[in-house]
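Reviewing the structure listed below.
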């Protein structure tokens with residue numbers, strides 16, 4: 001398998017995980033080139049950040065392409081036009097379409113703010129996850145990097161890292177600590193994929 005060097009991102013909001021990866025590429029810590037970010041949200045901070053760092057930044061949603069099939073086709077075409085090798089979800093709040101899943105089978109990554117399979121699935125994202133962890137009285141949570149398939153949060157797990165839940169944590173304080181781990185782990189996993197230490201399925 002050729003080295004995966006060109007990165008495309010899908011993001012719906014601030015894109016902090018995307019920015020952490022871009023900075024790792026710019027500093028030489030990751031031997032990869034971020035080339036494209038697509039967002040379903042025209043006001044996403046991720047689009048502005050992408051532009052500032054030299055990425056093509058595109059708003060693509062049902063508002064721009066009407067039906068789901070047309071949107072899926074356009075997103076796939078954009079990734080392929082930019083010769084993207086690896087698609088990275090960075091807070092993307094929409095389900096990936098079947099054409100993009102097929103074109104990039106085993107080449108779409110996501111990061112989830114819990115120890116999957118706990119607190120995963122439809123509707124479990126962002127602060128909802130941390131609120132659920134606190135409500136369950138858990139003493140440990142974490143971060144999971146996994147491959148994306150047709151079902152929410154159910155693809156092959158590539159790495160996990162634990163984060164302790166402190167007695168005085170609320171969802172906001174827990175989220176802040178988990179996010180710091182997300183930034184580090186996502187970059188580490190990408191580095192291992194690029195070096196061949198982690199081999200993705202064919």
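The values are calculated or read from the model by the stated rules, or taken from the named source; none is laboratory data. This structure is a prediction, so every number in the text was calculated from the model and none was measured. Cβ coordinates were reconstructed from backbone atoms using ideal geometry, including for glycine residues, and neighbour counts include every protein chain displayed.
Annotations for the structure displayed:
- Beta carbons closer than 7 Å, at least 6 apart along the sequence or on distinct chains, pair a first residue in region 177-190 that is within 13 Å of residue 162 (Cβ to Cβ) with a second that is surrounded by fewer than 17 Cβ atoms within 10 Å (Cβ to Cβ) and at pLDDT 95 or above for 181/161; 185/159; 185/161.
- Looking only at residues in region 82-102 that are outside any loop (DSSP other than H, G, I, E, B) and touching a strand residue (DSSP E or B) at 6+ places or on another chain (Cβ under 9 Å), the one that is farthest from residue 54 (Cα to Cα) is 101.
- Residue in region 130-163 that is farthest from the chain's Cα centre (by Cα), counting only those that are outside any loop (DSSP other than H, G, I, E, B) and more than 25 Å from residue 191 (Cβ to Cβ): 135
- Against the criterion of being part of a loop (DSSP other than H, G, I, E, B), touching a helix residue (DSSP H, G or I) at 6+ places or on another chain (Cβ under 6 Å) and within 21 Å of residue 145 (Cβ to Cβ), residue 14 qualifies.
- Looking only at region 164-176, and only at residues there that are in a helix (DSSP H, G or I) and touching a residue at least 24 places away in the same chain (Cβ under 8 Å), the one that is surrounded by the fewest Cβ atoms within 10 Å (Cβ to Cβ): 172
- Only residues that are at pLDDT 95 or above and either closer than 22 Å to residue 14 by Cβ or in contact with a strand residue (DSSP E or B) (Cβ under 6 Å, 6 or more places away or on another chain) (or both) were counted in region 135-154, giving 8.
- Residue among 143, 84, 133 that is in contact (Cβ under 8 Å) with a residue 60 or more places away in the chain and either buried (at least 21 other Cβ atoms within 10 Å of the Cβ) or in contact with a helix residue (DSSP H, G or I) (Cβ under 7 Å, 6 or more places away or on another chain) (or both): 84
- Looking across region 106-123 at every residue that is in contact (Cβ under 8 Å) with a residue 24 or more places away in the chain and surrounded by fewer than 18 Cβ atoms within 10 Å (Cβ to Cβ), the one that is nearest to residue 75 (Cα to Cα) is identified as 106.
- Given (1) on the phi > 0 side of the Ramachandran plot; (2) buried (at least 21 other Cβ atoms within 10 Å of the Cβ), index of the condition residue 28 fails: (2)
- Taken over region 49-81, the criterion of being assigned to a strand (DSSP E or B) and either surrounded by 20 or more Cβ atoms within 10 Å (Cβ to Cβ) or not assigned by TED's automatic domain parsing to the domain that holds residue 34 (or both) is satisfied by 57 alone.
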